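Asker: Let me give you the structure first, and then I'll get to my questions.
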Amino acid sequence: MKPSLWLVDNEQGLKLNKHMNKMYNAHRWQPNTTGLTAYPCNWCPRECGVDRSQTAGFCGCPDQIKLARGALHFGEEPCLSGEGGSGTIFFSGCNLRCCFCQNYEISSQGWGREISIGRMAEICLELQSAGAHNINLVTPTPYLQWVLPALERVRPRLHIPVVYNCSGYEKVEVIEVLQPYIDIYLPDLKYYNDELSWRYSRCHGYFATAAVAIQAMVSQCGPPVFNREGILQKGVIIRHLVLPGARQDSIRIMRWLSDNLPRGGFLLSLMSQYTPTFNSSLFKEINRKVTSREYHSVVDEAVRLGLTNGYIQDRSSAASEYTPPFDGEGI
Ligand code: SF4
């Protein structure tokens with residue numbers, strides 16, 4: 001029988017099988033009462049049900065942590081990057097794999113290197129020693145069965161916030177499991193319209209799922225808290241990337257945020273950096289940049305609604321400014 005445990009220690013002298021050995025190194029033995037497991041995998045709303053030790057699901061992830069980079073990164077929102085940088089750990093694979101992803105080499109093409117739970121813990125501490133303002137986990141959801149034991153292991157020595165940087169397409173049960181480990185959520189809220197989420201990410205029901213997950217994140221974290229240097233210590237930043245030809249979809253998202261989340265309870269990061277890349281050329285309507293008129297019509301609506309707590313981007317911003325080389329640095 002496959003293990004249904006996600007925090008494993010062999011202090012009790014238990015004989016670990018192949019899968020448990022991969023999870024070894026955590027502090028405590030704790031039964032998984034959540035029902036979340038990679039054997040078969042149900043960690044995200046896709047619920048592929050595959051045995052990850054044998055085959056990959058939609059995300060393409062193996063049953064061991066696979067990273068593309070773990071280094072200081074200066075391309076996040078100013079309250080995350082600060083002057084010291086965000087200690088950003090890029091995981092290989094993704095549960096959305098958008099056709100326009102600027103990180104497609106890792107999200108869709110699976111570039112990366114497999115590492116142990118122990119090495120993952122070391123990387124967090126190395127980034128802290130290098131002066132990172134936070135540990136920024138980029139699309140970690142498919143690996144939580146192994147990431148959580150790593151975070152458990154470093155918790156007593158980690159004195160900077162941990163950021164959960166994700167697609168927004170998450171299960172509420174996962175957000176609940178993350179509560180002891182995560183200080184800041186950085187979800188995307190990509191699409192309102194189901195046709196768009198299917199067309200560009202092969203995902204039905206994205207908005208309904210992401211909306212509930214984001215509400216859970218905001219409720220868990222409470223309003224944003226900053227330190228004296230203006231670096232975020234706790235809270236939620238909701239990112240929305242305006243897509244070409246989809247400004248009405250963006251405006252619907254602004255209205256939903258205004259109607260459904262507490263005023264001052266989150267930060268909004270409204271992004272203009274869309275640049276055609278990867279498979280966006282397959283879709284004529286998004287094979288161009290967003291115009292100033294499109295972007296500013298969304299900004300105007302956000303301002304009209306009072307969503308002024310957060311960030312907008314300079315229209316000259318290009319995706320390449322925010323994408324580091326995926327060369328295995330820090331792994
Ligand atoms: S984490 Fe990956 S394999 Fe698991 S359910 Fe999600 S997409 Fe499928």
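FYI, it's all coordinate maths here, none of it is from the lab. This one's a predicted model, so the numbers in the text were calculated from it and none came from an experiment. Counting neighbours? That spans all protein chains shown, and the Cβs are built from the backbone with ideal geometry, glycine included.
Asker: How large is ³J(HN,Hα) for each residue in the stretch 239-255, as worked out from phi by the Karplus curve 6.51 cos²θ - 1.76 cosθ + 1.60 (θ = phi - 60°), to whole Hz, x for Gly and Pro?
Answerer: Once rounded to whole Hz, the list reads 9, 9, 9, 6, 9, x, x, 10, 5, 5, 5, 4, 5, 4, 5, 4, 5.
Asker: Evaluate the distance, in nm, between pseudo-label points positioned 7 Å from the Cα of Q109 and of Q220 along their respective Cα→Cβ axes.
Answerer: Inter-label distance under the simple model: 3.2 nm.
Asker: I've got another one for you. Which whole-number percent gives the relative contact order of the chain, counting Cα pairs below 8 Å spaced six or more residues apart?
Answerer: 17
Asker: If you don't mind, another one. Anything over 30 Å Cα to Cα? Flag those among K66/K289; K171/K234; K190/K284; K66/K284, in the order listed.
Answerer: K66/K289; K66/K284, as the Cα separations exceed 30 Å there.
Asker: Find how much the distance from E176 to R202 grows on full extension, using 0.36 nm per residue of separation minus their present alpha carbon separation; answer in nm with one decimal.
Answerer: Stretched out fully, the E176 to R202 stretch lengthens by 6.8 nm.
Asker: Between W256 and R315, what is the label-to-label distance in nm when each label sits 7 Å out along the Cα-to-Cβ direction?
Answerer: For W256 paired with R315, the spin-label model returns 2.7 nm.
Asker: Ok, one more. Return the sequence-ordered ³J(HN,Hα) values of the stretch 188-194 in whole Hz as given by the Karplus equation 6.51 cos²θ - 1.76 cosθ + 1.60 applied to θ = phi - 60°, using x for Gly and Pro.
Answerer: Running phi through 6.51 cos²θ - 1.76 cosθ + 1.60 with θ = phi - 60° gives 7, 10, 8, 9, 9, 7, 5 Hz.
Asker: OK, next. Amide H neighbours of E329 under 5 Å, counting only residues 5+ apart in sequence or on other chains, H built in-plane at 1.01 Å?
Answerer: Placed amide hydrogens put G70 under 5 Å from E329.
Asker: Something else now. Test of the criteria: in the stretch 229-331, which GluC sites (Glu not before Pro) are in a DSSP loop and have at most 12 other Cβ atoms within 10 angstrom of their Cβ?
Answerer: Sparse-neighbourhood loop GluC sites (Glu not before Pro): E229.
Asker: So if R0 is 35 Å, what FRET efficiency would E285 and R157 give, r being the distance between their Cβ atoms, rounded to the nearest 0.05?
Answerer: Once rounded, the FRET efficiency stands at 0.10.
Asker: Sorted by average packing, counted as other Cβ atoms within 10 angstrom per residue and highest first, what order do 215-228, 241-254 take?
Answerer: 241-254, 215-228
Asker: Next up: What 222 nm value per residue comes from the helices of the chain, counting each DSSP H run with n ≥ 4 as -39,500 (n - 2.57) and dividing by all residues, nearest 500 deg cm²/dmol?
Answerer: So the calculated ellipticity at 222 nm is -8500 deg cm²/dmol.
Asker: Next up: Please list the non-local residues whose amide H lies under 5 Å from the amide H of V50, H modeled 1.01 Å from N, same-chain partners needing a gap of 5 or more.
Answerer: Result for V50 returns C41.
Asker: Give a residue-ordered list of calculated ³J(HN,Hα) values for the stretch 222-231 (Karplus: 6.51 cos²θ - 1.76 cosθ + 1.60, θ = phi - 60°; whole Hz; x for Gly, Pro).
Answerer: Values per residue, Gly and Pro as x: x, x, x, 10, 10, 8, 5, 8, x, 8 Hz.
Asker: Still on this structure, please answer the following. For the stretch 90-137, which trypsin sites (Lys or Arg not before Pro) are in a loop by DSSP, counting at most 13 other Cβ atoms within 10 Å?
Answerer: The qualifying sites: there are none.
Asker: Which residue fluctuates the most in the chain, going by a Gaussian network model with Cα springs under 10 Å, if the choices are V50, V162, V138?
Answerer: Comparing V50, V162, V138 in the GNM, the peak value goes to V50.
Asker: Before anything else, pin down the relative contact order of the stretch 241-317: Cα pairs under 8 Å, at least 6 apart, normalised by residue count, whole percent.
Answerer: Relative contact order comes out at 48 percent.
Asker: Something else: How would you rank H73, H296, going from fewest to most other Cβ atoms within 10 Å of each one's own Cβ?
Answerer: Ascending number of Cβ neighbours within 10 Å: H296, H73.
Asker: Additional query: Please list, ordered by chain and number, the residues whose modelled amide H lies under 5 Å from the amide H of V162; skip anything fewer than 5 residues away on the same chain.
Answerer: Amide H neighbours of V162: I135, D183, I184.
Asker: Moving on. Which value, in debye to the nearest 20, describes the size of the charge dipole of the stretch 132-279 about its Cα centre when Lys and Arg Cβ atoms bear +1, Asp and Glu Cβ atoms bear -1, and nothing else is charged?
Answerer: 240
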